[in-house]
1. Filter region 211-242 down to residues that are under 22 Å from the mean Cα position of the chain (by Cα) and assigned to a strand (DSSP E or B) and give me whichever is surrounded by the fewest Cβ atoms within 10 Å (Cβ to Cβ).
2. Kindly indicate whether any position in region 419-426 is in a loop (DSSP other than H, G, I, E, B) and either more than 28 Å from the chain's Cα centre (by Cα) or exposed (fewer than 15 other Cβ atoms within 10 Å of the Cβ) (or both).
3. Could you tell me which residue of region 427-467 is farthest from residue 356 (Cα to Cα), considering only residues that are among the basic types (Lys, Arg) and surrounded by fewer than 19 Cβ atoms within 10 Å (Cβ to Cβ)?
4. Answer yes or no: is there a residue in region 306-328 that is closer than 27 Å to residue 112 by Cβ, modelled with pLDDT under 90 and not assigned by TED's automatic domain parsing to the domain that holds residue 463.
5. If I filter region 342-361 for residues that are over 30 Å from the mean Cα position of the chain (by Cα) and surrounded by fewer than 16 Cβ atoms within 10 Å (Cβ to Cβ), do I get at least one hit?
6. Within region 351-359, is even one residue out of contact with any Gly (no Cβ under 7 Å at 6 or more places or on another chain), closer than 16 Å to residue 206 by Cβ and not hydroxyl-bearing (Ser, Thr, Tyr)?
7. When you scan region 395-409, do you find a residue that is crowded, with 16+ Cβ neighbours inside 10 Å, among the hydrophobic types (A, V, I, L, M, F, W, C) and within 26 Å of residue 192 (Cβ to Cβ), even just one?
8. Sort out which residues of region 278-303 are surrounded by fewer than 23 Cβ atoms within 10 Å (Cβ to Cβ) and either under 14 Å from the mean Cα position of the chain (by Cα) or without any contact (Cβ under 8 Å) to a residue 24 or more places away in the chain (or both), and write them in order of number.
Amino acid sequence: MVGLYCGDARRKNLPQTMDIPGHLRCSVLRIEVAEGVGVSTVEQDDAKTHSLARRLAGVLHGCYDIVGMQKSDIVEAATHPQPRRHERTRVGIMLETQLDWHHHILRGIAHYMLTNSGWVPYITSAGDINANLDGLSKLKLHGIIAGNALDNSKAGWRKFLTTLERLGVPTVLTLREPQNSGLCEVVPDDWAVGSLVAQHLQQHGFRNYGYYGGDMPFAWVRKQGFTQKLAAWGLECSVYMVKNIPWGSLHVEWEKTALAKWLLNLRRPAAVMACSDLWARHIAYACARVGLRIPEDIALVGVDNDLALCEMITPSMTSVPLDPRRIGLVAATLLSQAIRGKAPARQLVLVPPLALIARHSSDILVVDDPDIAQAARFIRENAAALITVEDVLTAVHISRRKLELGFQRNFKRSPKEEIWRVHVERAKILLEQTDLKMPGVACQSGLSDAHQLSVVFRRATGHTPSAWRARCRRS
């Protein structure tokens, strides 16, 4: 008997009882939805001959598509050596299953379960933990992975954390919480997110910046990363933080005139970072209401790379993708260690963001000097060519001194450094989106060979090209 619960089961109109064909040599699985706390159970005809990983793989792939399991995951589970039998570990997974972010965290947890059998997952929501505390207590959970309080106010978090404390089991959070409870947190490196956006916008020559976000822990940390990176270059940033917006009422903010007034008061052209794609939507709507153009007047960058939002906004929006699947995997690993009595060495684990996805909302070059603008455009248009500073001088017909001073004033780097940067950005795209071997990536990135690609790429990113590709494919 294996326990499994999914809040979406009833909404998907699944029958109360259903037979699902097993994968590979798995026998038939049966799903039953129980009343009360909302725990589903899984039975298998021949439990002695099949591992927990196989049964969970069949359930997750065949029934709960929110987890998004891949066929390769099922094959991995079915071919993994059967683990030694031991007492089942009952784990509460408290995530909002209607949110895409939490779906990806679930995928990371599921990946851990496929390779580390023995977990009995009970998937519920933050709202259920308060409503069904007695029922959850009866489950005698060994540990909990919690995404967030349903009410994101400080009072809501206090209530949520108090309830977790009453359950009295090891807990790992996958979202920054404002109470400094001392619980282990596995969260995005939000400072690095803000810093990454600042670097992207500064490379386009902007001198006027803004940051927009809500009163949430991650939004404040992203602001710090963004503004502190700009300050290191001597650049100032106007900040507009909105407080006390109830969950579900985010649309109210862009309907107010205050946001539009703030945008109109920015010196243009300006570059604005929003704390998330959802909040970047407010900027897009406000700009449309007052006649500001994106990106000509306001360049816009969000966070999360929510494809529906990024492509729905006109023009399409630049965004920073995070790595929620890795967050789920790391959270599951740390919780397993805590359950075995090995307390996590770190209370705060930061998962770095993935490479920024540039789209039309920030596709503009802001340079006052037309010669420097032409030089920068020449370099970017020849990202795949093997060019030198002399080639740039030939194309724009200016002195080397003017070129060097112009690049330092506008981009805070030399023309040669800009050439290397553009080559590396081109290589990132090829590594992420193609299966080219390293010599091919080098050739199409304007570099002489695979060795030069490795040296230049590692110097710029801290990773080898192969490691970068593996990380992107894994995520």
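1. Per the criteria, the residue is 241.
2. No.
3. 437
4. Checking region 306-328: at least one residue is closer than 27 Å to residue 112 by Cβ, modelled with pLDDT under 90 and not assigned by TED's automatic domain parsing to the domain that holds residue 463.
5. No, that holds for no residue.
6. Yes: region 351-359 contains one or more residues that are out of contact with any Gly (no Cβ under 7 Å at 6 or more places or on another chain), closer than 16 Å to residue 206 by Cβ and not hydroxyl-bearing (Ser, Thr, Tyr).
7. Checked against the condition, which is being crowded, with 16+ Cβ neighbours inside 10 Å, among the hydrophobic types (A, V, I, L, M, F, W, C) and within 26 Å of residue 192 (Cβ to Cβ), region 395-409 yields at least one hit.
8. Answer for region 278-303, where residues must be surrounded by fewer than 23 Cβ atoms within 10 Å (Cβ to Cβ) and either under 14 Å from the mean Cα position of the chain (by Cα) or without any contact (Cβ under 8 Å) to a residue 24 or more places away in the chain (or both): 278, 288, 291, 293.
The values are calculated or read from the model by the stated rules, or taken from the named source; none is laboratory data. In this text, all values refer to a predicted model and were calculated from it rather than measured experimentally. Using ideal geometry, Cβ is built from the backbone for each residue, glycine included, and neighbour counts are taken over all protein chains shown.
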